[in-house]
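One structure is given below, encoded as structure tokens.
The values are calculated or read from the model by the stated rules, or taken from the named source; none is laboratory data. Everything numeric here is computed off the predicted structure, so don't read it as measured data. Neighbour counts run over all protein chains shown; Cβ positions are idealised from the backbone, glycine included. Side chains are part of the model used for accessible areas, which takes the heavy atoms of the whole protein and leaves out ligands, DNA and RNA. Shrake-Rupley method; radii C 1.70, N 1.55, O 1.52, S 1.80 Å.
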Amino acid sequence: MSRIGSTDDGDELLVRLRTLTAQARAQAEVQRSRVELAVALQRGMLPRGLPVGEGVRLAVRYAPAYQGLNVGGDWYDAFTMPDGRMGLSIGDVQGHNIEAAAFMGQVRVGLRALASVGSEPGALLARTNELLLSLSPDLFATCTFMRLDPATRLMESARAGHLPCVWATADGRSGVTEDEGGPPLGIQPGVVYPVTRYRLDTGGLFVMLTDGVVEGPSMPLDEGLDQVVRLAGIAAVARMDADALAAAVIKVAERVGHEDDAAVLVIGHDGLRTQP
């Protein structure tokens, strides 16, 4: 065997290894930049503050998480509508990449824009669904939208393929909402989203959340929701504030067995008038 030939083969192998290593590093840098951009999109599109209303207390927790070098598209939103009612939404975009984060922004902005001209929640989801279909997206989103009147404490809710909410009252009752929902946004045209009405009792609580909080390899959905129901029931009876409950609920996400975005939006009513 020629020693010269063996040396040449070894040199060629080293050159190829160096080239592949350089390419892998470059690809990793590109992917890391995409993740950083996606995270910036997520944080930039979430609300900077929460609206206030007569006796109404809102609290949120949001924990963006990574799967490898990917990032998800969960969101929450809370804002005051032109008629003084509150618009409350939470949702989850299919996928874990920069496209999911960007699509999340489109859904959230679309909901806000359409809500500003007035619609009950079912019609609002239907119009948002048609808007997203007109953009021909390859993605879809689940979502719950609630409209709350602080003066009457009437809550109107519509769901598009999203998890039900958790509720609790000051007299010790708690459970999961059983409202009828429709399919996720961006899948099929002409969808009708039913509206369910609730009353936010004094001392009562509603918890809106995404599946990253309550579902994963280590925790089936029913078990995760049961844990949140238990926490909400304790919080309502003990008159814990909304922020304390939101902090407790987001910790459930640490036990689901995977890393995913997790968002929690708590709505409570303490019966106190908001100071001007």
For the range 245-276, the count of residues that are among the charged types (D, E, K, R) and either at pLDDT 90 or above or under 15 Å from the mean Cα position of the chain (by Cα) (or both) equals 4
Among Arg153, Arg127, Arg112, Arg147, the single one that is surrounded by fewer than 21 Cβ atoms within 10 Å (Cβ to Cβ) and in contact with a helix residue (DSSP H, G or I) (Cβ under 6 Å, 6 or more places away or on another chain) is Arg127
Within the range 87-106, the count of residues that are β-branched (Val, Ile, Thr), modelled with pLDDT under 90 and open to solvent by less than 10 Å² (accessible area, probe 1.4 Å) comes to 1
The lone condition Gln188 fails out of (1) without any contact (Cβ under 8 Å) to a residue 60 or more places away in the chain; (2) more than 28 Å from Ala126 (Cα to Cα); (3) open to solvent by 60 Å² or more (accessible area, probe 1.4 Å); (4) over 17 Å from the mean Cα position of the chain (by Cα) is (2)
task = Evaluate the range 223-244: report whether one residue or more is part of a strand (DSSP E or B) and either under 17 Å from Cys165 (Cβ atoms) or more than 17 Å from the chain's Cα centre (by Cα) (or both).
result = no
Review point. Does the range 43-52 contain at least one residue that is of a type in the set (Gly, Ala, Ser), open to solvent by less than 40 Å² (accessible area, probe 1.4 Å) and modelled with pLDDT of 75 or more?
Key: no
Val264 fails exactly one of (1) at positive phi; (2) assigned to a strand (DSSP E or B), namely (1)
Surrounded by 14 or more Cβ atoms within 10 Å (Cβ to Cβ) and either small (Gly, Ala, Ser) or within 19 Å of the chain's Cα centre (by Cα) (or both): does that describe Val214? yes
_Among the residues that make up the range 65-86, is at least one of them modelled with pLDDT of 90 or more, among the hydroxyl-bearing types (Ser, Thr, Tyr) and open to solvent by 60 Å² or more (accessible area, probe 1.4 Å)?_
yes
